[in-house]
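Structure, as structure tokens:
Coordinate-derived values only; no laboratory data. These numbers were taken from a predicted model, which means no experiment stands behind them. Cβ placement follows ideal geometry from the backbone for every residue including glycine, while neighbour counts extend to all protein chains displayed.
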Amino acid sequence: MDIEGLIADLALILMLGAVVTLLFKKLKQPMVLGYIVAGFVASSNFKYFPSVGNEANIEFWAQIGIIILLFNIGLEFSFKKLMNVGGTAIVTALIIVGGMMGLGFWVGGFLDLNFINRLFLGGMLSMSSTTIIVKALSDLNMRQRRFVPHVLAVLICEDLFAVVMMVLLSSVALNNSVEGGEMLFSIAKLVFFLVICFTVGVYVLPSFFNSYRRIINDEMLLIISIGLCMLMAVFSVYSGFSMALGAFIMGSILAGTSEAEHIEKVMKPVKDLFGAVFFISVGMMVNPAVISEYSGIIMLLSVVVIVGMILFGTFGMLATGQTLRIAMESGFCLTQIGEFAFIIASLGLSLKVLDGSLYPIVVAVSVITTFFTPYFIKWAIPCYEWVSKHLPSKLTNTLEAYASNATTSSASKTVWKTVLGRYSWRILLYTVLIVAIMGISVIFFIPLMQDLIGAQWGKILGVLATIGVLSPFFVALAYPSTKRSERQELQKFGNRYMVPLVVLTILRLVISAVLIGVYIGKVYTYPVGIAGAIVGVILLMILLSRRAGSRMKRLESTFVRNLNERELRKSGKGNTLVSDFHLAFMTVGYSCPFVGERLSNSGMRKNYGANVVSIQRGADLFSIPSADTRIFPGDILGIIGTEEQIQSLLPVIEDSEESANLAHATDENDMNFVHFEVTEDSVLYGKTSATARLREDYSSLLVAIQRDTRYIEPTGQEVFMAGDILWVVGDSKKLASLS
């Protein structure tokens, strides 16, 4: 490798990128377009400027750029967000992606492309650009408009579909055809890979960060994050997938941890650097001769993207119950293709199945559609007003009635949706885990046992040990997934709602029996496997006790808590202290109305009923801050309050745009929460929270007074009586002396 040439080429494209993006910034154009232009200037296709010495050098950096880009897209993704946006965004994204795939495939046939190129063209035309849309909405000051959350939810789903599409396109390209069996195998393999990675990651990584948060600084977190990203990328390749998929998965796992915002902050310079190199490499593929030759095709595809996205985006939103205005505003937002089009094109070139002329064509289409995106966003309302005036009143009333009905649902439907969702993810999760452990047992563990203690006994002990390890997972798979309140709710609507519950329980037992039978049959013979399955089901029915169920619920609650750690930390729902009080951590945004105010003047306790028990400012922690302590942007406030108080205060304190780039949250273990009983000999007996000087002498805050079975919120007037239990939060050392 020519190191000097590598550095020289990198220096050239970065300096060009800096100069051109400054120009585009002054022209108020997206920086992505600037990078593409810089790449074109640095390429051999532009004869009036020195070009890079070896384009393979830039390809090397661009491949790293793809990994870093997908990792950061994963950081912004998170499966918690996907669950929050619900099925409406998924359905809308499916309509858009499916419709544009079909439209692109049809246009590819019109352009006389072969089967594989038509598929890749459909994939490249089906993905809108999250980066460009967010930038355009910010520039137009429209981030708070009602349709924006719906658009962002669809983009989240499109990111997931794009990653899945890359896996499927790779499989189709390698086989040069679409075979049902191969496709199903690829999908099953992908699902298996995703579940294993997420299950292990969700259990391990949040616990790791919680244990070492206090000693991990920015430098260490950057190294850990990039290391995990590269490790998962390598593991993904080893498992038969692309490096980009592994990077995306690791980003998605980390997106649910409490360190997600901190990771985004330290990764931003790395993302900006390698993202710039990637988009510059895209610009180097622009060939004026090809663009001139295929100008008609470029204009055709640009029209297809704009018209197709508007039609399918609007129809998808209408189909999921949105109003015509929101549907049209959303559809007009999606009128461009961006980073995933380039990534899919790069995939096709790396597999040597994509026509070389398609790459510069798609780049040109992206430039045109990106340039017009802000204008289409602004044209959405005038177009809506024109359509609403000329639309038949009968059709307008039908759409309004459909939107109204779609937003409401019966009680039985709501309960069933919750129950079926829980059944589905349990079956998927535990089935994949059981199959993975069985596979490890058959391939590695049993042969090892046979080598150690002999063929016959090694096989017997290996099977027994594996079944013993799997028994908790089989219990969890077969255990009922409904709560008593849900069953009581369903019984109100008649016995017909209870029959499917019985069927689902039987289905889970059948799945357990099949898995046991297949495993034992693989090791011995299938008649032996059938007998083992029968015995296994009988043992399962015995093990399905209340005690076993409670253990599995604890295991599942740990998984769910780790999965939602990022949100739970902000809302405090996973950190219940006493009664309905929670401890939440919020980052002060620049638009917070309390910035610069003293705590005593903020009105947080008076207006919201919540108490500030800690402030972390950089490396400094203020436990039980005084009333004169001022609040600054970036402060991490530890706040105690009820769920309603915290939820009302959270949007006031946090500014999502800014807090995402601020310092990571403090370790809640610095604040200790204790309770003790007041006796007649206590120094607190007969005093009030105002006269006891808890804040001044002990750096502590009284959260609640428990008197018999009642919890009394301290007002400063309540006199401590013998038998009262005081719940106090504060500095660990000083609380020890107070107790």
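Could you order the peptides 305-315, 361-371 from most to least packed, using the average number of other C-beta atoms within 10 Å per residue? Mind showing how you got there, number by number?
Values: 305-315: 21.4, 361-371: 23.4.
In descending order of packing, they fall as 361-371, 305-315.
If each of GLU644 and LEU507 carries a label point 7 Å out from its Cα toward its Cβ, how far apart are those two points in nm?
According to this spin-label approximation, the distance is 3.9 nm.
Please give the FRET efficiency for GLN450 paired with VAL164, using the beta carbon to beta carbon distance and R0 = 41 Å, rounded to the nearest 0.05. Could the numbers behind the result be given before it?
Values: r = 39 Å, r/R0 = 0.96.
Once the sixth-power term is evaluated, E becomes 0.55.
Modelled label-to-label distance, LEU23 and PHE208, 7 Å Cα→beta-carbon offset: nm?
Reported label-point gap for LEU23 and PHE208 is 4.5 nm.
Read phi for every residue in region 502-513 and hand back ³J(HN,Hα) as whole Hz from Karplus 6.51 cos²θ - 1.76 cosθ + 1.60, θ = phi - 60°, with x for Gly and Pro.
Going residue by residue, I get 5, 4, 5, 5, 4, 4, 5, 5, 5, 4, 4, 4 Hz, with x marking Gly and Pro.
For SER700, what residues show an amide H to amide H distance below 5 Å, using hydrogens built from the backbone and excluding near sequence neighbours?
ARG695
Among HIS262, HIS390, what is the fewest-to-most ranking by other Cβ atoms within 10 Å?
Arranged by neighbour count, lowest to highest, HIS262, HIS390 become HIS390, HIS262.
With 10 angstrom as the radius, rank MET299, MET449 by how many other C-beta atoms surround their C-beta, starting from the fewest.
The fewest-first ordering by Cβ neighbours comes to MET299, MET449.
I need PHE193, PHE676 ordered by Cβ neighbour count within 10 Å, fewest first.
Lowest count first: PHE676, PHE193.
I need the shape label for region 680-725. Rule: rounded when a/c is under 1.5, else prolate if a/b > b/c, else oblate, with a, b, c from the alpha carbon gyration tensor.
Oblate is the answer for region 680-725, as a/c is 1.5 or above yet b/c matches or exceeds a/b.
Would you please put 632-642, 514-524, 272-282 in order of how densely packed they are, using the mean number of other Cβ atoms within 10 angstrom per residue and starting with the highest?
So the peptides 632-642, 514-524, 272-282, ranked by packing, come out 272-282, 632-642, 514-524.
Sorted by mean Cβ packing within 10 Å, highest first, what order do the peptides 42-50, 526-534, 27-35 take?
So the peptides 42-50, 526-534, 27-35, ranked by packing, come out 27-35, 526-534, 42-50.
Too long at a 25 Å Cα-Cα cut-off: which of LYS189/LYS268; LYS25/LYS378; LYS189/LYS265?
From LYS189/LYS268; LYS25/LYS378; LYS189/LYS265, over 25 Å: LYS189/LYS268; LYS189/LYS265.
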